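Structure first, commentary second.
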Amino acid sequence: MMSRRQGRDKLAGGWASTWRHVAQRRGRAAKQEMPMHALLTTVVLWLSANFGLPANHDHPLLKFVPERKIVELRYKGLAAWEPQTGAVPAGLPGQRLTVSVYDDVTKTIYLPEGWTGDTPADLSILVHEMVHHLQNVGKLKFECPQEREQLAYKAQEKWLGMFGRDLLRDFEIDGFTLLVSTKCMY
Ligand SMILES: [Zn+2]
């Protein structure tokens, strides 16, 4: 009998290999096509079932851009706090690296070019940004940008937990970082 953990790994591997197959056959454009659409639908249903977010199947655009572009977008104010890693990019001493960004106006999720969706951590980034998309299209109101992050990180942590992982291990986000990232500061 297959354990639950193995079952999940197999599921993720199956999806990723479908992606690779299509991507190899059809090039980068395939990232926007069928497997991605199905994945986004799955994430919407999961978020709706687990966190009560209004399900909306008008999916966001996905753009794969260099990491420096994501950092630029963040500093333009698209996102106050986004999933970050302990990795420090060149030229930004002491700063944490912004992994991904969601733009409310264009309904676009920006993911780094190296994103493959092959790991629980990669997929958790998508889960995080899909929370922002559903918050946006659902017209949910927040007192401050950080408040939007509470559910985004909660969902990301729950997703990682299904694979025996967590925010600290995969993103070096500890309790204190999480607290200051998700509380309104006045
Ligand atoms: Zn966020």
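Couple of notes before you dig in:
- Each residue of the range 44-55 is assigned a 3J(HN,Hα), and the resulting list reads 4, 5, 5, 5, 5, 5, 8, 10, x, 5, x, 5 Hz, derived from the Karplus form 6.51 cos²θ - 1.76 cosθ + 1.60 (θ = phi - 60°), x at Gly and Pro.
- Couplings 3J(HN,Hα) of the range 131-142, computed from phi: 4, 5, 4, 5, 5, 5, 6, x, 6, 6, 9, 9 Hz, in residue order, whole Hz [Karplus 6.51 cos²θ - 1.76 cosθ + 1.60, θ = phi - 60°; x for Gly and Pro].
- Database remark: amide H of residue 173 closer than 5 angstrom to the amide H of 168 (H placed geometrically; neighbours at sequence offset of 5 or more, or on other chains; Pro and chain starts carry no H).
- Ranked packing of 145-155, 162-172, most packed first, by mean Cβ within 10 Å: 145-155, 162-172
- All other residues whose Cβ lies under 11 angstrom from that of residue 141 are scored, Lys and Arg at +1 and Asp and Glu at -1, for a net of 0.
- Annotation for residue 116 and residue 139: the two label points, set 7 Å from Cα along the Cα-Cβ direction, are 4.2 nm apart.
- Note, ³J(HN,Hα) from phi for the range 102-113, Karplus 6.51, -1.76, 1.60, rounded to Hz, x at Gly and Pro: 10, 9, 4, 5, 8, 6, 10, 9, 9, 10, x, 4
- Put simply, the amide H of residue 65, placed in the peptide plane, has neighbours under 5 Å in 111, 113, leaving out anything fewer than 5 places away on its chain.
Computed from the coordinates by the stated procedures, all read-outs in this text should not be read as laboratory data. Just so we're clear, the structure is a prediction, and the values are computed from it rather than from any experiment. Quick reminder, even Gly has a Cβ in these numbers, built from the backbone with ideal geometry, and neighbours come from all protein chains shown.
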